[in-house]
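**Q** Before we start, here is the structure in question, set down as C-alpha cells.
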Amino acid sequence: MASSFIVLLGPPGAGKGTQAEVLTDKLGLPHISSGDIFRENLKKQTELGQKAQVYMNRGELVPDDLTIAMIHERLSQPDAARGAILDGFPRTPAQAEALAKMLGEMGGQVKVVPYIAVPDQELIERLSGRWTCRSGGHVYHEKNNPPKVAGKCDVDGSVLYQREDDRPETVSNRIRVYSQQTAPLIEYYHSHGLLAEVDGTKPISQVTDEMLKTVQEHLK
Ligand code: ADP
Ligand code: AMP
C-alpha cells in the first residue's frame, strides 16, 4: 500500500503541533515539524540553522530551496517510509508541488489535509501564552493547557521556554506572512479533494476528536 502522509494546515498558533502529538501516538506515524527541525539546527549551530535564523527571527519564511532540501532529507529517513504527519510544511504553493513530486517518487501520497481554522485575534492570545519544551518540542499554554508543574514538560521533564518568535511584534508578521503565502494552499488542497476543515476554536480534546474522525475516514 502507498504510504500515507497527513498535512496539517493552519495559521501559526492554530494547534498543529498540539494535534500532531496525538495523531502521532494514535496512528504510529512520525511527527515531522519543519519549525522543530529548523530550531534543532539552530541549537546545534549548523549552517542550515544559521541561515534559517535570520528569517525565523523576522517571522518570515525560510526560502523554499533550503526548506524543500531539508524536508527531502527528512522524508528519506527509514521511519518515514510508511508515512508521516507533516506540521508546518508545505507553507507555499512551490513547497506543495515539491512535496507531491517527492512523494510520487517515494510511492507515497498525501491522504488528507486537516485545516485547523482559528481567527487571528485568538492566535495572538494563544502564541503569547505558549510555552515550548526545550528537548522534544511539546507545547503548553499557560491558561488553556498548563503543564502539571510550572516551567517543566509533563512528557520529558525538560525546561519550558517562550519562543523568541512568539513576541507580539513577530507574531503579527507571521500571521501576515501566513495570509499571503500559505493561505493559498487551502484552495490548492481543496481543488485536489484533500481538504478537511476542522473548527480549531473548540477545546483541544474536541478538536482532537473531530480531527481523528476525519483522518480515519480518509485513511480507510
Ligand atoms: P501551531 O503548531 O499551529 O503553531 P500549537 O499547537 O503550538 O500551534 O498551539 C499554539 C498554542 O495554543 C499552544 O500554547 C497550545 O497549548 C494552545 N492551543 C492549541 N490548541 C488549542 C485549542 N484548541 N484551544 C486553546 N488553546 C489551544
Ligand atoms: P513553526 O514552528 O511552524 O511556527 O515555524 C517557525 C518558523 O520556522 C517560521 O516562522 C519560519 O520562519 C520557519 N519555517 C518553518 N516551516 C517552514 C516552511 N515550511 N517554509 C518556510 N519557513 C518555515
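The values are calculated or read from the model by the stated rules, or taken from the named source; none is laboratory data. For clarity, every value in this text was computed on a predicted model and none was experimentally measured. All Cβ positions, glycine included, derive from the backbone under ideal geometry; neighbour counts span all protein chains shown. Heads up: the accessible areas ignore ligands, DNA and RNA and are worked out on the full protein's heavy atoms, side chains in. Shrake-Rupley method; radii C 1.70, N 1.55, O 1.52, S 1.80 Å.
**Q** Which residues, taken from segment 57-97, are assigned to a helix (DSSP H, G or I), aliphatic (A, V, I, L, M) and open to solvent by less than 20 Å² (accessible area, probe 1.4 Å)?
**A** If the condition is that a residue be assigned to a helix (DSSP H, G or I), aliphatic (A, V, I, L, M) and open to solvent by less than 20 Å² (accessible area, probe 1.4 Å), then Met70, Ile71, Leu75, Ala80, Ala96 are the ones that fit.
**Q** I'd like to know if segment 164-175 contains one or more residues that are within 19 Å of Val113 (Cα to Cα), within 19 Å of the chain's Cα centre (by Cα) and open to solvent by less than 70 Å² (accessible area, probe 1.4 Å).
**A** no
**Q** When segment 15-36 is examined, which residues are found to be touching an Asp or Glu at 6+ places or on another chain (Cβ under 9 Å) and over 19 Å from Gln109 (Cα atoms)?
**A** Those that are touching an Asp or Glu at 6+ places or on another chain (Cβ under 9 Å) and over 19 Å from Gln109 (Cα atoms): Lys16, Gly17, Gln19, Gly35, Asp36.
**Q** Only residues that are outside any helix (DSSP H, G or I), away from ligand 1 (no atom under 13 Å from the Cβ) and either among the acidic types (Asp, Glu) or closer than 19 Å to Asp79 by Cβ (or both): list them for segment 17-51, please.
**A** Within segment 17-51, Gly28, Leu29, Pro30 meet the criteria.
**Q** For the structure I just gave you, tell me whether Val54 is open to solvent by 40 Å² or more (accessible area, probe 1.4 Å) and either part of a loop (DSSP other than H, G, I, E, B) or more than 23 Å from Val113 (Cβ to Cβ) (or both).
**A** Taking the combined requirement at face value, the residue satisfies it.
**Q** Among the listed residues Phe5, Phe89, which satisfies the condition of being away from ligand 1 (no atom under 16 Å from the Cβ), out of contact with any Pro (no Cβ under 8 Å at 6 or more places or on another chain) and among the aromatic types (Phe, Trp, Tyr)?
**A** The conditions single out Phe5.
**Q** Quickly run through segment 188-209 and pick out the residues that are open to solvent by 50 Å² or more (accessible area, probe 1.4 Å) and among the aliphatic types (A, V, I, L, M).
**A** Correct list: Ile204 only.
**Q** Would you mind stating whether Arg126 is open to solvent by 20 Å² or more (accessible area, probe 1.4 Å), out of contact with any Leu (no Cβ under 8 Å at 6 or more places or on another chain) and of a type in the set (Lys, Arg)?
**A** So Arg126 fits the description; yes.
**Q** Can you tell me which of Glu125, Glu142 is touching a Phe, Trp or Tyr at 6+ places or on another chain (Cβ under 8 Å) and over 17 Å from Gln19 (Cβ atoms)?
**A** Glu142
**Q** Run down Leu212, Leu185 and say which single residue is of a type outside the set (Asp, Glu), farther than 15 Å from Arg126 by Cβ, more than 16 Å from ligand 2 (Cβ to nearest atom) and crowded, with 16+ Cβ neighbours inside 10 Å.
**A** Only one candidate qualifies: Leu212.
**Q** Which ones in segment 120-162 are among the aliphatic types (A, V, I, L, M), free of Cβ contacts under 8 Å to residues at least 60 places away in the same chain and under 23 Å from Leu42 (Cβ atoms)?
**A** Of everything in segment 120-162, those that are among the aliphatic types (A, V, I, L, M), free of Cβ contacts under 8 Å to residues at least 60 places away in the same chain and under 23 Å from Leu42 (Cβ atoms) turn out to be Val155, Val159, Leu160.
**Q** Still on this structure: Could you grab me the full set of residues in segment 98-123 that are open to solvent by 70 Å² or more (accessible area, probe 1.4 Å), over 10 Å from Phe5 (Cβ atoms) and not charged (D, E, K, R)?
**A** Pro119, Gln121
**Q** Which ones in segment 129-138 are more than 9 Å from ligand 1 (Cβ to nearest atom) and open to solvent by 60 Å² or more (accessible area, probe 1.4 Å)?
**A** Selection gives Arg134, Ser135.
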